[in-house]
1. When you check residue 50 against the structure, is it assigned to a strand (DSSP E or B), without any contact (Cβ under 8 Å) to a residue 40 or more places away in the chain and closer than 20 Å to residue 111 by Cα, yes or no?
2. Got a number for residues in region 253-268 being assigned to a loop (DSSP other than H, G, I, E, B) and farther than 22 Å from residue 23 by Cα?
3. Across region 241-252, which residue is nearest to the chain's Cα centre (by Cα) among those that are assigned to a strand (DSSP E or B) and free of Cβ contacts under 8 Å to residues at least 24 places away in the same chain?
4. Mind checking whether some residue in region 262-278 is in the same structural domain as residue 171 (by TED's automatic domain parsing), more than 21 Å from residue 33 (Cα to Cα), out of contact with any strand residue (DSSP E or B) (no Cβ under 7 Å at 6 or more places or on another chain) and touching a residue at least 40 places away in the same chain (Cβ under 8 Å)?
5. Which residue is surrounded by the fewest Cβ atoms within 10 Å (Cβ to Cβ), if the candidates are limited to region 53-76 and must be without any contact (Cβ under 8 Å) to a residue 24 or more places away in the chain and part of a strand (DSSP E or B)?
6. Which condition number does residue 98 fail, the rest of (1) modelled with pLDDT of 95 or more; (2) closer than 22 Å to residue 283 by Cβ; (3) out of contact with any strand residue (DSSP E or B) (no Cβ under 7 Å at 6 or more places or on another chain); (4) surrounded by 17 or more Cβ atoms within 10 Å (Cβ to Cβ) being met?
7. With the requirement that a residue be in contact with a helix residue (DSSP H, G or I) (Cβ under 7 Å, 6 or more places away or on another chain) and within 15 Å of residue 283 (Cβ to Cβ), what does region 1-46 give you?
8. Looking at 238, 287 in this structure, which one is surrounded by fewer than 22 Cβ atoms within 10 Å (Cβ to Cβ), in a strand (DSSP E or B) and within 19 Å of the chain's Cα centre (by Cα)?
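The values are calculated or read from the model by the stated rules, or taken from the named source; none is laboratory data. Fair warning: this is a prediction, and the values are worked out from it, not measured in the lab. Note: ideal-geometry Cβ built from the backbone for every residue, glycine included; neighbour counts use all protein chains shown.
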């Protein structure tokens with residue numbers, strides 16, 4: 001069977017890392033403190049996105065094979081609901097103030113809005129291009145989505161589910177991965193087709209910098225203590241950048257492992273997690289730590 005991983009989500013309080021194992025149609029639950037596997041949640045056809053919401057005791061997974069958002073209880077690891085989520089659901093964001101989930105619909109070119117209380121779809125927001133990852137800005141109470149084809153960062157108001165603006169991603173082709181630093185009012189967008197990372201100032205809504213990264217970048221992770229951004233890529237190249245003067249500066253880059261497509265980071269231990277689809281014939285979770293932390 002194809003071995004392929006996609007998004008990860010860390011519940012820092014419980015020490016649980018949820019890993020989308022796309023190629024095996026399941027989500028693996030890993031204890032980062034004991035460094036052991038807790039279990040798997042199966043029957044998640046072509047799972048891409050995964051998001052832990054500890055306040056609700058829920059984990060959400062986008063099952064692209066069945067075009068659903070799957071709702072999972074974080075105690076029993078049982079599936080409690082399946083919600084239609086467009087055509088090729090991918091990234092997931094949770095707007096905590098409104099208690100809504102926003103699911104990137106890549107092929108449908110929308111964001112699907114789901115009420116987290118009722119597990120019902122309540123809105124569909126047209127974006128005019130392929131929806132990459134969706135992220136919630138907790139300080140501004142906004143959802144930001146990368147829009148492929150238009151090469152824009154779209155801003156959504158979760159109180160009204162209306163599109164507030166579209167902001168050009170200068171120098172980007174294939175906008176997909178998104179990461180926010182709400183505290184410093186910055187957004188980072190990975191451009192899959194031309195191996196770039198675009199920095200957007202969330203105050204001015206302007207792209208302020210475009211940096212080269214490894215070929216075919218997608219999943220991003222942020223160490224909020226060290227202020228470091230990790231960019232993983234299908235090419236196996238990992239790029240590490242550090243926030244400086246409201247921008248980013250590259251501090252390291254190199255080949256890590258074949259298809260090192262997914263990355264997550266624990267800001268307390270600074271451990272960086274790379275699930276690898278095929279290392280000597282087996283799927284492996286490789287854990288790295290910066291030597292200069």
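1. Against the criterion (assigned to a strand (DSSP E or B), without any contact (Cβ under 8 Å) to a residue 40 or more places away in the chain and closer than 20 Å to residue 111 by Cα), residue 50 does not qualify.
2. 3
3. That would be 242.
4. So far as region 262-278 goes, yes, one or more of its residues are in the same structural domain as residue 171 (by TED's automatic domain parsing), more than 21 Å from residue 33 (Cα to Cα), out of contact with any strand residue (DSSP E or B) (no Cβ under 7 Å at 6 or more places or on another chain) and touching a residue at least 40 places away in the same chain (Cβ under 8 Å).
5. Within region 53-76, the match that is surrounded by the fewest Cβ atoms within 10 Å (Cβ to Cβ) is 73.
6. Every condition holds for residue 98 apart from (2).
7. Hits for region 1-46 are 1, 2, 3, 4, 5, 6.
8. On the way: 238 fails: surrounded by fewer than 22 Cβ atoms within 10 Å (Cβ to Cβ).
One residue alone meets the criteria, 287.
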